[in-house]
Amino acid sequence: MLKHLTLRLEDEFFANFNGVCKKKGYSKSGVIKAMLREFLQREKIQSLPEEELTKEEMLKVGQGLEEIAKGEVVKLEELGHGL
């Protein structure tokens, strides 16, 4: 069952978000879902006790965070809009 979520944004913030979505051909719901998935995954990773992660897992998490910081990410259009 789908649930509804109401989001309140300042006019300028919404105009910028809406403009980017239109320009790139993204659905606003799809972008928000992708951001929420990323947020939930990040929170899940951060909530794991460090002692439960192996050294290799910690290195991979660190490498992933470094890639994100460098902007080395997969763009939404590269995912084929499979949201």
Among the residues of region 44-66, which ones are at pLDDT 80 or above and of a type in the set (Val, Ile, Thr)?
Val61
Taking only region 1-26 into account, find how many residues are in a loop (DSSP other than H, G, I, E, B) and closer than 28 Å to Leu65 by Cβ.
4
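The values are calculated or read from the model by the stated rules, or taken from the named source; none is laboratory data. Keep in mind it's a predicted model, so treat the numbers as computed, not measured. We place every Cβ from the backbone using ideal geometry, glycine too, and count neighbours over all the protein chains shown.
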